[in-house]
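Colleague: The structure's right below; bear with me while I get my questions together.
The values are calculated or read from the model by the stated rules, or taken from the named source; none is laboratory data. Owing to the predicted nature of the structure, the values given are computational and were not obtained by experimental measurement. With ideal geometry, Cβ positions are generated from the backbone for all residues, glycine too; neighbour counts draw on all protein chains shown.
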Amino acid sequence: MGLSNVFEQPEKPVEEKKLQVIVNEEVVFNDWMVYCEQCNKTGWSKDYFIESQQFLQSYKIKPEMISKFNEKINTKTWKLAERYFLGVFISSLIQTSYNQGFNNFEFGEVYVDHLGACLQGQKDDAIIIKAKTINGAWILSQAKNCFLEAEAVNGEFSLRTQKNCVVKIRNDNDQGYQLLRSE
């Protein structure tokens, strides 16, 4: 019996306040950059892709956010090691977003190594990545079940170690596309 019943007045249920948390993308991007910078300081890690996915589990990541993050990091000049970590981190963003039910990742210019590294799409639902130009080495390394479309891919050892992937690259000579498939 509550105090209000002593005076024979009905108790009013206490309304729970519904909190809506609005997160500024710049704050999120800052968190992601701090994470990437800390990883650079700790050295190379073969499990960086998995570690990044674990870090990202608390974020709902839509494809547009990844594209905006890429635009933000393109405004800075990166060292070789940083390009590696950023590329693997963007791959982790893509994989986490894909695992949350999103697909169709679109980019303008990309300047990182290992974009698409370690991605694991489903055989009947490939991870789709479209970009204007990708500049970096080891694109789609160790990827599985992905579709990549770009006007140009410039980088060493790109598109060599993926499985069940399709890559469509514009051919400047006839304005058509060159298709590469991996089994």
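Yes/no matrix, rows are residues, columns are (1) assigned to a strand (DSSP E or B); (2) at pLDDT 70 or above; (3) over 21 Å from SER141 (Cα atoms); (4) among the acidic types (Asp, Glu):
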residue: GLU8; (1), (2), (3), (4): no, no, yes, yes
residue: GLU11; (1), (2), (3), (4): no, no, yes, yes
residue: VAL27; (1), (2), (3), (4): no, yes, yes, no
residue: VAL34; (1), (2), (3), (4): no, yes, yes, no
residue: GLU37; (1), (2), (3), (4): no, yes, yes, yes
residue: LYS46; (1), (2), (3), (4): no, no, no, no
residue: THR75; (1), (2), (3), (4): no, no, yes, no
residue: ILE94; (1), (2), (3), (4): no, yes, no, no
residue: GLY108; (1), (2), (3), (4): yes, yes, no, no
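Colleague: How about region 131-140: which of its residues are over 20 Å from LYS79 (Cα atoms) and surrounded by 16 or more Cβ atoms within 10 Å (Cβ to Cβ)?
Modeller: Of everything in region 131-140, those that are over 20 Å from LYS79 (Cα atoms) and surrounded by 16 or more Cβ atoms within 10 Å (Cβ to Cβ) turn out to be ALA131, LEU140.
Colleague: Identify, please: which residue in region 48-61 is surrounded by 14 or more Cβ atoms within 10 Å (Cβ to Cβ) and either over 13 Å from the mean Cα position of the chain (by Cα) or not β-branched (Val, Ile, Thr) (or both) and is, among those, modelled with the lowest pLDDT?
Modeller: Out of the qualifying residues, it is TYR48.
Colleague: Just checking, how many residues over region 98-118 are more than 14 Å from LEU148 (Cβ to Cβ), surrounded by fewer than 22 Cβ atoms within 10 Å (Cβ to Cβ) and of a type outside the set (A, V, I, L, M, F, W, C)?
Modeller: Final tally of qualifying residues: 6.
Colleague: Filtering region 110-139 down to residues that are out of contact with any helix residue (DSSP H, G or I) (no Cβ under 9 Å at 6 or more places or on another chain) and in a loop (DSSP other than H, G, I, E, B), which residue is farthest from TYR84 (Cα to Cα)?
Modeller: ASP124
For (1) outside any strand (DSSP E or B); (2) of a type in the set (D, E, K, R); (3) at pLDDT below 85, each residue gets a yes or a no:
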residue: GLN142; (1), (2), (3): yes, no, no
residue: LEU148; (1), (2), (3): no, no, no
residue: GLU151; (1), (2), (3): no, yes, no
residue: GLU156; (1), (2), (3): yes, yes, yes
residue: THR161; (1), (2), (3): yes, no, yes
residue: VAL167; (1), (2), (3): no, no, yes
